[in-house]
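Worksheet: one structure, shown below.
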Amino acid sequence: MRANYVLGLIGSLITLTLLFELLRRRRLREKYAVFWAVVALATLVIAVFPATLTAAADVVGVEVPANLLFFGASMLLLGVSIHQSYEMGRLEERTRTLAEEVGLLRLELQSQADRDRS
Amino acid sequence: MPEPRRTYPRVLAVVPAFNEQESVGRTIEELVSVNPSVDVLVVDDGSGDHTAQVARQAGAIVCQLPYNLGVGGAMRAGYRYALRHDYDVAVQVDADGQHDPTYLKALVDELDTADIVVGARFAGEGDYHARGPRRWAMRLLAVTLTRLAHHKLTDVTSGFRAANRRAIRVFADHYPAEYLGDTVESLVIAIRSGCTVSQVPVSMRIRSGGRASHSPLRAGVYLVRAVVALSLALVRKWPSTLENLSEEDV
């Protein structure tokens, strides 16, 4: 249990420090930082009070508490990557619209310049 | 004007072109010589060759996209241009010369009865054939779209099509860039938005460069992708570009 305690503590503290630093340098937007901060704090809680995990496993009916942790963690990561795909699709759609508009604006500028010259 | 038409529509031919310097010049010259009253807009879809220069020299208006968006992106830019410059009709013509410009007038005339007219390759004229899975895919698409449109459509993947003001307005907003989106899905969107679709038989010519693939594996992949694209198009909430989704549904 000793190793779990230390690993969990170190992991969550590193995450929190990294988040703080990224936020300070304005590299991370709050809406994402809040989510990761919640995850890091939850890890911290479980590391310091392993009883919370055991209790949660009892409530759900999972025999090995670690399995609940793994399940939760993988679902969380799955959710995050789906969300990333969604955001990426939205950004692609936006850059596409921008590219089309840039093309059209370039054409308008050019024809304006041609008109001025003649 | 010897034409008996009461008002002559302003027609814009939109030619999406990606690395077509070999054929785009001839395509434009032919378009203009057969249909002198038509304006030609070439949308250079981020080509790495001299497509834009060749097109400009041939007398076309050229819109250069900063990078490659695919036919869907190029065409939406074209429809936006048509909308902003108050054209009555926009006709999509491929740059590779496989669309015979002599049919352009037939497409535009048919717009009297529908909002979108597709130049169909299987409807009697010409000798365009497909076999195996590719043929099944095209049949499936055609049958489904015929049901949706309440009008017999035999070739919905044809990129030779004319759109009137109503359809231009729809396409300027919603023209998918995804696989088969520029042909099949765009028709589904148009029908869902209340546009009517009709077709005119055309014969296709052999492409100036490149050939459609006939390997059975490719054709099988095409079939699967067509089914996926069609099913998605049918169940999607329209109009729903991802942009709109973020505002309406989330």
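Figures for the structure shown
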read-out	value
When residues of the stretch A:94-118 are limited to those that are of a type in the set (D, E) and farther than 19 Å from B:P16 by Cα, the one farthest from the other protein chains (Cβ to nearest Cβ)	A:D116
Matching option when the condition is under 17 Å from B:E185 (Cβ atoms), out of contact with any helix residue (DSSP H, G or I) (no Cβ under 6 Å at 6 or more places or on another chain) and either of a type in the set (D, E, K, R) or modelled with pLDDT under 90 (or both), among B:R121, B:R147, B:R131	B:R147
Qualifying helices (runs of 4 or more DSSP H) (wholly inside the stretch A:1-107; at least 3 residues being over 30 Å from B:Y175 (Cβ atoms) and within 21 Å of the chain's Cα centre (by Cα))	A:2-24, A:30-48
Of all residues in the stretch B:65-93 being of a type outside the set (A, V, I, L, M) and surrounded by fewer than 21 Cβ atoms within 10 Å (Cβ to Cβ), the one that is farthest from the other protein chains (Cβ to nearest Cβ)	B:D88
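Residues are listed down the side, and each one gets a yes or a no for (1) more than 14 Å from every other protein chain (Cβ to nearest Cβ); (2) farther than 20 Å from A:L13 by Cα; (3) exposed (fewer than 13 other Cβ atoms within 10 Å of the Cβ); (4) basic (K, R):
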position	(1), (2), (3), (4)
A:W36	yes, no, no, no
A:P50	yes, no, no, no
A:A55	yes, yes, yes, no
A:L69	yes, no, no, no
A:L78	yes, yes, yes, no
A:I82	no, yes, yes, no
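The values are calculated or read from the model by the stated rules, or taken from the named source; none is laboratory data. Source: prediction; values computed, not measured. Glycine also receives a Cβ, built like all others from the backbone with ideal geometry; neighbour counts cover every protein chain displayed.
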